[in-house]
Amino acid sequence: MTKTWYPVIDYLLCTECGTCVSKCPHGVYDTTKAPSPVVKDPEACIEHCHGCGNRCPAGAITYVGEDTGWTPPNGSPEVAQSGCSCANSDSSDKKALVEYLYLDLQTCDRCIGTDNVLDEVMMVITPGLQLAGYKVEYNKIKIATEELAKKFKFLSSPTIRVNGQDVCVSVKENSCGCCSDISGTDVDCRVFEYNGESYEVPPKEMLAEAILKTVFGPEESGCSCGAYQLPENLKRFFDGKNSKCSCGGNCC
Ligand code: SF4
Ligand code: SF4
């Protein structure tokens with residue numbers, strides 16, 4: 001049977017960073033051609049996985065068979081323009097918009113761990129949501145600068161929003177060694193509270209429950225559209241990061 005789900009690369013957009021080749025755990029890409037992305041085994045690609053597309057910084061990956069409403073996160077005009085998913089959501093639509101906002105996916109164990117857990121959860125629940133008639137969109141947004149933090153009303157890293165609502169009801173944080181190293185200053189990051197325990201990387205069941213409850217539950221007003229002030233903790237992070245690197249926060 002011909003495979004109907006596999007990645008397609010737009011080589012005009014691709015910057016040959018090699019991320020997709022190195023991150024796919026299923027051998028879809030030809031690693032001998034890295035960093036160029038060459039799809040060598042489309043049969044091995046997992047139906048409805050967007051793992052490489054979600055990581056591609058150029059928005060260069062789409063999928064044959066795409067029927068989820070997903071768009072490349074780094075090429076999504078919807079995300080780029082608004083900063084708040086509430087402005088984009090139409091309550092008359094059956095839509096599940098999941099957004100992952102983070103500071104760093106190179107060094108920070110907490111962001112990387114949460115990213116991996118969220119990928120797994122989305123891979124499992126997306127078919128069920130689609131079966132229930134929901135259009136599923138999953139975007140990842142790197143909060144690389146203070147300006148982006150303000151634009152997305154970012155309160156704590158990492159943040160997971162479902163249809164604009166933070167899956168955590170409040171911000172709880174503890175010291176984050178990785179982000180402290182990145183910025184050269186003391187920085188706190190998010191801890192996730194679930195069933196009386198605190199987790200630096202949320203358990204799968206917590207995220208699955210939070211996402212499904214938000215999608216299927218009554219609409220709440222916990223969106224990120226309200227007044228916003230950059231938390232002192234994040235200001236310290238960006239100031240520290242910028243003082244360590246002249247890129248203005250864009251390369252690191
Ligand atoms: S969609 Fe998933 S399985 Fe398919 S190539 Fe990308 S990372 Fe690999
Ligand atoms: S992740 Fe995107 S930009 Fe990087 S090599 Fe793959 S397709 Fe090209």
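Assorted remarks:
- Qualifying residue in the range 187-196 (condition: over 19 Å from the mean Cα position of the chain (by Cα), in contact (Cβ under 8 Å) with a residue 40 or more places away in the chain and outside the structural domain of I46 (by TED's automatic domain parsing)): yes
- Taking the range 1-30 as the range and being of a type in the set (V, I, T), touching a Ser or Thr at 6+ places or on another chain (Cβ under 9 Å) and loosely packed, with under 13 Cβ neighbours inside 10 Å as the test, no residue passes.
- Boolean, E43 is more than 11 Å from I61 (Cα to Cα), surrounded by fewer than 18 Cβ atoms within 10 Å (Cβ to Cβ), at pLDDT below 90 and in contact with a Lys or Arg (Cβ under 9 Å, 6 or more places away or on another chain): yes
- Residue check for V215: buried (at least 16 other Cβ atoms within 10 Å of the Cβ) and either in contact with a Lys or Arg (Cβ under 6 Å, 6 or more places away or on another chain) or part of a loop (DSSP other than H, G, I, E, B) (or both): no
- Among strands (runs of 3 or more DSSP E) entirely within the range 130-200, having at least 3 residues that are within 14 Å of E99 (Cα to Cα) singles out 135-142, 159-162.
- Within the range 16-31, if we keep just the residues that are assigned to a loop (DSSP other than H, G, I, E, B) and within 9 Å of ligand 2 (Cβ to nearest atom), the residue that is farthest from L105 (Cα to Cα) turns out to be E16.
- Residue in the range 32-44 that is within 19 Å of the chain's Cα centre (by Cα) and either closer than 24 Å to D104 by Cβ or not in a helix (DSSP H, G or I) (or both) present: no
- Residue within the range 75-97 that is surrounded by fewer than 19 Cβ atoms within 10 Å (Cβ to Cβ) and at pLDDT 90 or above present: no
The values are calculated or read from the model by the stated rules, or taken from the named source; none is laboratory data. Computed from a predicted model, the values in this text were never measured in an experiment. Note that each Cβ is placed from the backbone with ideal geometry, even for glycine, and that neighbours are counted across all protein chains shown.
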